[in-house]
Amino acid sequence: KLPLIGMTAHVLTCQDLVAIPVSGAICVYYLRGVLSFPEGLLYSWEDRWLGRSHDIIYGIYIHAAFSIYEVIIYSIVGKQYEFYLHHVLVVWQYGTGLILGRLLGFLACAGLVEVTNVFLSSLSMMGRMDLKTSPLYLGAGVGLYVSYVMSRLILLPITLGCLFYDIFTIPASVVNEIRVF
């Protein structure tokens, strides 16, 4: 498939140059928001379901805007539809939480997986620049591995486990009030 404008490698490199600081900013906002809850998200269902943090809200705004930006980039370079679907679901899921003002603690914890994009985008960009022998490339690879394990294989299952635990243990009136579907 031919891209609509420019060379695909140039467009993807520009995307990576934007993704590195934006993904980092998203994670900083989410992490600050998660750490701002006084009892900690693991101990308080009220904070996970009803807690509000300006940092999490700012992180959601940036996350949603960046997802829309990436959908535009994908249309330019001709990515497969699975990539579009993922970003549409992110905007819907985080937008719904933002509009309802609910589940922001869960969304922030789940959104911390964006840290992997800092390293993935760095690897992608350096690979296109033939820097695979650079120590920076190795560092980005180690960063990707560590961030993937910590955010996606450890934190995300804990977050989902807390969500399902809460669904079955907190008062039904709270769950029914918050239900989106």
Scope region 21-63; condition assigned to a helix (DSSP H, G or I), closer than 30 Å to residue 172 by Cα and hydrophobic (A, V, I, L, M, F, W, C); matching residues: 31, 34, 35, 45, 49, 50, 56, 57, 60
Inspect all residues belonging to region 150-166 and state whether any of them is open to solvent by less than 20 Å² (accessible area, probe 1.4 Å) and farther than 19 Å from residue 50 by Cβ. yes
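When only residues in region 116-150 that are assigned to a loop (DSSP other than H, G, I, E, B) and hydrophobic (A, V, I, L, M, F, W, C) count, which is modelled with the highest pLDDT? So that I can check it myself, show each step before the final result.
At the first step, the residues of region 116-150 found to be assigned to a loop (DSSP other than H, G, I, E, B) are 129-134.
Narrowing further to those that are hydrophobic (A, V, I, L, M, F, W, C): 129, 131.
Working: 129: 88, 131: 92.
My answer is 131.
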Residue 51 passes all but one of (1) open to solvent by less than 20 Å² (accessible area, probe 1.4 Å); (2) at pLDDT 85 or above; which number fails? (2)
Pick from region 97-109 the residues that are touching a residue at least 60 places away in the same chain (Cβ under 8 Å) and outside any helix (DSSP H, G or I): which of them is most open to solvent (accessible area, probe 1.4 Å)? 102
Criterion violated by residue 113 - all others in (1) modelled with pLDDT of 95 or more; (2) open to solvent by 80 Å² or more (accessible area, probe 1.4 Å); (3) of a type in the set (A, V, I, L, M, F, W, C) satisfied: (2)
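Within the group 74, 94, 69, 81, which residue is closer than 23 Å to residue 152 by Cβ, of a type in the set (Ser, Thr, Tyr) and open to solvent by 70 Å² or more (accessible area, probe 1.4 Å)? Full working, then the answer.
Values: 74 fails: open to solvent by 70 Å² or more (accessible area, probe 1.4 Å); 94 fails: open to solvent by 70 Å² or more (accessible area, probe 1.4 Å); 69 fails: open to solvent by 70 Å² or more (accessible area, probe 1.4 Å).
The match here is 81.
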Between residues in region 127-140 that are at negative phi and residues that are in a loop (DSSP other than H, G, I, E, B), which pairs lie under 8 Å by C-beta distance while being six or more apart or on different chains? 137/131
When you go through 91, 118, 113 one by one, which is the residue that is closer than 16 Å to residue 26 by Cβ and touching a residue at least 60 places away in the same chain (Cβ under 8 Å)? 118
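The values are calculated or read from the model by the stated rules, or taken from the named source; none is laboratory data. Note that the structure is predicted; figures quoted are calculated from it, not measured. Every residue, glycine among them, receives a Cβ derived from its backbone with ideal geometry; neighbour counts consider all protein chains shown. When the accessible area is computed, the model is the full protein with side chains, heavy atoms only, and any ligands, DNA or RNA have been set aside. Shrake-Rupley method; radii C 1.70, N 1.55, O 1.52, S 1.80 Å.
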